[in-house]
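Read the structure below first, then the notes.
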Amino acid sequence: MDAAPIGVVGTGYVGLVSAVCFAHLGHDVVCMDVDEGKIAKLERGEVPIYEPGLEKLMADNAARLSYTTSYDALLEHCRILFIAVDTPPSPSGDADLSRVQHAVREIAERGGQRLLVMKSTVPVGTGEKVMADLEALGVTGITYASNPEFLREGAAIQDFLEPDRIVVGCFRDEDGAAVEALYRGIDTEVVRTSVPTAEMVKYASNAFLATKISFINEIANVCEQVGADVRTVARGMGLDHRIGPHFLQAGIGYGGSCFPKDVQALKQLAGNTGYHFQLLNAVIEVNALQKRRVVGKLKERLGTLRGTTVALLGLTFKPNTDDLREAASIVLAGRLIHEGAKVTAYDPMLDAGDHPLFPGVVICEEPFEALAGADAAVLVTEWSEFGRLDWAAATSVMTRPLLIDGRNFIDPAAAAEAGLEYEGIGLGGELRAPIVR
Ligand SMILES: NC(=O)c1ccc[n+]([C@@H]2O[C@H](COP(=O)([O-])OP(=O)(O)OC[C@H]3O[C@@H](n4cnc5c(N)ncnc54)[C@H](O)[C@@H]3O)[C@@H](O)[C@H]2O)c1
């Protein structure tokens, strides 16, 4: 084991979870971030993000973790440096690598022998480009490995410590071995490969998962037309081991900080080489339309939305996270307001009042406040508390007890019993409440 501490650049969802988990595996870890507020919180033992179990694991391993905003302090002792900065989409659809480039520059300028390990999701070819740029600058002490991360927010610690696989791409065998050694204690398959192949594994994985979601959403849309139940269709499909049960939950589409940008970036990457990745175009389009179908369902039942009140239940892109990046709720709220509806909302992670991502939306303290006087509710995020909600009581505070369940989270029979006019996604035939105008 490298005796020097591991450095982690970027203490967001990936960087902080990686740092804490590496500390849990017995390593000393120095966490570096340019965000002074985040580092100040971390130094006080506070976790700046919501991720179940993270605060406790961080506290348990406090002795092995240190935090800094200074590259000088980071590089004083660390030889292996994980880069876990954000790589958001740029206006062209390509990944914006400016934060990665900034981190590499800061490290290169300070000299020394370093192994950069890219955890951020970066386009195929980034590792080769980083090395070529460093060579052009005459920097010789830096080597590079790709170690893409596959964790899911909300289950990040388990995903990091019990991963399906660890992918390590390297230019030199000893770098791959050094990265692999850091994961000692984790029992899983390690895929050792070239840097471009490792970079591609990440994009291909996310693109495939997004494709599965768009596929089942299209099946759901057809189910509605032909009177079938997509939940049972998915179950029947998923029992086939060639298909598998995961990522076959129909709903209002994927969101979050990864799928939309990674699918877009892969499409763009292919396009930049002259290859037209036709399938991904459809995946992206289906996902965009899926969010809007909810508005169509509301209009079908309510007529015009002008003057109506629609309550959104859940705003984060999925449950058990506070992450709102690319959440379906943002598009939905915007569309509803554009249609002239008043939009109220409740999410366990959001304070009541205004939120810059939801202009015009009244964010409430608790679900019944959002539902009071609503002509319809849309279940956007399947937070477990919505499963426990007293739906019969909800119907009594709503003007019209209409629930569009964007995640097929509530049992249609229980919803009917509670007096709800219920409509899910892909639930055709008798599962769909009759339309009364
Ligand atoms: N969030 C996920 O579920 C997930 C999963 C797998 C992979 N990824 C990938 O991991 C990367 C990080 O994602 P995230 O969700 O953790 O992002 P994030 O926005 O939560 O965190 C990024 C952190 O990097 C810091 N940062 C930015 N520029 C910096 C710099 N030059 N020097 C030091 N710190 C800097 C930011 O202040 C921020 O704290 C992305 O490429 C993402 O695609 C994310």
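Arrange S98, S18 by Cβ neighbour counts within 10 Å, fewest through most, would you? Walk me through the numbers before you get to the answer.
Numbers: S98 13, S18 27.
The fewest-first ordering by Cβ neighbours comes to S98, S18.
For L379, what is the net charge nearby, where nearby means another residue's Cβ is under 10 Å from its Cβ and Lys, Arg count +1, Asp, Glu -1?
On the way: positive: R407; negative: E382, D405.
My count for the surroundings of L379 gives -1.
Can you tell me the 0 to 90 degree angle between the C-alpha axis of helix 98-109 and the longest principal axis of the chain, rounded to 10?
For 98-109 against the chain, the angle is about 20 degrees.
Given charges of +1 on the Cβ of Lys and Arg and -1 on the Cβ of Asp and Glu, with all other atoms neutral, how large is the dipole of segment 238-431 about its Cα centre, in debye to the nearest 20?
Details: 17 positive and 24 negative charges, 173 e Å.
The dipole magnitude comes to about 840 debye.
Considering only DSSP beta bridges with both partners in segment 6-193, what is the antiparallel share in %, to the nearest 5?
On the way: 3 of 28 bridges.
Beta bridges within segment 6-193, antiparallel portion: roughly 10 percent.
Between Q101 and F208, what's the calculated FRET efficiency when r is the beta-carbon distance and R0 is 35 Å? Round to 0.05. It would help to have the intermediate numbers written out before the result.
Details: r = 28 Å, r/R0 = 0.81.
With R0 = 35 Å, the Cβ-Cβ based efficiency is 0.80.
For a test of the definition: using alpha carbon positions, the gyration tensor, and the 1.5 limit on a/c, classify segment 281-341 as rounded, prolate or oblate.
Values: a/c = 2.39, a/b = 1.33, b/c = 1.79.
Verdict is oblate for segment 281-341.
Quick check on the chain: helices-only [θ] at 222 nm, where DSSP H runs of length 4 and up contribute -39,500 (n - 2.57) each and the sum goes over total residues. Nearest 500, please.
Details: 17 runs with 187 residues, N = 437.
The per-residue figure over the chain is -13000 deg cm²/dmol.
Could you tell me what percent of the DSSP beta bridges with both partners in the chain are antiparallel, to the nearest 5?
Numbers: 5 of 47 bridges.
In the chain, approximately 10 percent of DSSP beta bridges are antiparallel ones.
Just to be sure I follow: if Rg is taken over the C-alpha atoms of segment 238-431 and Rh is the Kirkwood radius over the same atoms, what is Rg/Rh?
Details: Rg = 17.4 Å, Rh = 17.5 Å.
Result: Rg/Rh = 0.99.
Compute the Cα gyration tensor for segment 6-193, then decide on rounded, prolate or oblate, letting a ≥ b ≥ c be the square roots of its eigenvalues: rounded whenever a/c is under 1.5, prolate when a/b is larger than b/c in the other cases, and oblate in all that remain.
On the way: a/c = 1.41, a/b = 1.25, b/c = 1.13.
Here segment 6-193 falls in the rounded category.
Please compute the modelled spin-label separation between A372 and Q158, points set 7 Å along Cα→Cβ, answer in nm with one decimal.
Result for the modelled spin labels: 3.7 nm.
Can you give the FRET efficiency for S92 and Q278, using 1/(1 + (r/R0)^6), R0 = 22 Å, r = Cβ-Cβ distance, to the nearest 0.05? Mind dumping the intermediate values first?
Working: r = 19 Å, r/R0 = 0.88.
With R0 = 22 Å, the Cβ-Cβ based efficiency is 0.70.
Measure out, as a whole number of angstrom, how far apart the alpha-carbon centroids of segment 14-38 and segment 281-355 sit.
After rounding, the separation between the Cα centres reads 34 Å.
So how far apart, in nm, are the two label points at A136 and E417 if each is 7 Å from Cα heading toward Cβ?
For A136 paired with E417, the spin-label model returns 6.7 nm.
Run through segment 304-389 and list the trypsin sites (Lys or Arg not before Pro) located in a DSSP loop whose Cβ has at most 15 other Cβ atoms within 10 Å. Write out the running numbers ahead of the final one.
On the way: sites: R306, R325, R335, K342, R388; in loops: R306, R325.
Listed in order of number, the matching sites are R306.
Take the alpha-carbon centre of segment 125-192, take the same for segment 379-437, and report the distance between them in whole Å.
Centre-to-centre (Cα) distance: 45 Å.
Among V226, I216, V343, whose Cα sits farthest toward the positive end of the charge dipole of the chain (+1 at Cβ of Lys/Arg, -1 at Cβ of Asp/Glu, about the Cα centre)?
Towards the positive end, the residue furthest out is V226.
Counting Lys and Arg as +1 and Asp and Glu as -1, what is the net charge of the other residues whose Cβ lies under 13 Å from the Cβ of V343? Before the final figure, lay out the partial values.
On the way: positive: R306, R335, K342; negative: E339, D347, D354, D375.
Value of the local net charge: -1.
Using the charge dipole of segment 6-193 (Lys, Arg: +1 at Cβ; Asp, Glu: -1 at Cβ; taken about the Cα centre), state which of I166, G12, G26 has its Cα farthest towards the positive end.
The Cα lying farthest towards the positive end belongs to G26.
Arranged by the count of other C-beta atoms within 10 angstrom, fewest first, what order do M118, M131 take? Provide the component values of the computation, followed by the final result.
Details: M118 29, M131 18.
Neighbour counts put them in this order, fewest first: M131, M118.
Can you put H24, H102, H276, H241 in order, fewest other beta carbons within 10 Å first?
Values: H24 19, H102 14, H276 10, H241 7.
Lowest to highest Cβ neighbour count: H241, H276, H102, H24.
What FRET efficiency would be calculated for the residue pair T304, A393, taking the C-beta separation as r and a Förster radius of 22 Å, to the nearest 0.05?
Values: r = 28 Å, r/R0 = 1.29.
It comes to 0.20.
Once you have the Cα-Cα distance between A181 and M349, take 0.36 nm times their residue separation minus that, and quote the gain in nm to one decimal.
Numbers: separation 168, 0.36 × 168 = 60.48 nm, distance 3.72 nm.
Additional length available on full extension: 56.8 nm.
What's the angle, to the nearest 10 degrees (0 to 90), between helix 195-226's Cα axis and the longest principal axis of the chain?
For helix 195-226, the angle is close to 10 degrees.
With charges set only on the Cβ (+1 for Lys and Arg, -1 for Asp and Glu), what does the dipole of the chain come to about its Cα centre, in debye to the nearest 20?
Details: 40 positive and 59 negative charges, 233 e Å.
That gives a dipole near 1120 debye.
So which lysines pass the test for K299, namely a Cα distance under 29 Å, with those fewer than 8 places away in the same chain ruled out?
Candidates past the 8-residue exclusion: K212, K291, K318, K342.
Can you work out the PRE-style zone for A73? Point 7 Å along Cα to Cβ, and I want the residues of segment 112-135 with backbone N under 20 Å.
Nothing falls inside the zone, counting backbone N under 20 Å.
With point charges of +1 on the Cβ of Lys and Arg and -1 on the Cβ of Asp and Glu, referenced to the Cα centre of segment 37-127, which listed residue (A59, P123, Q113) lies farthest in the positive direction of the dipole?
Q113
I want to check the label-to-label distance for R192 and H241. Put each point 7 Å from Cα in the C-beta direction and report it in nm to one decimal.
Each label point lies 7 Å from its Cα, and together they span 2.9 nm.
If you fit an axis through the alpha-carbon atoms of helix 328-338 and take the longest principal axis of the Cα set of the chain, what angle between them do you get, 0 to 90°, nearest 10?
Once rounded, one gets 50 degrees.
Any read-out appearing in this document is the output of simple, stated calculations on the displayed coordinates, not a laboratory observation. As the structure is a computational prediction, the values presented were derived from the model and not from experiment. Positions of Cβ are generated from backbone atoms using ideal geometry, with glycine treated the same way; all protein chains shown enter the neighbour counts.
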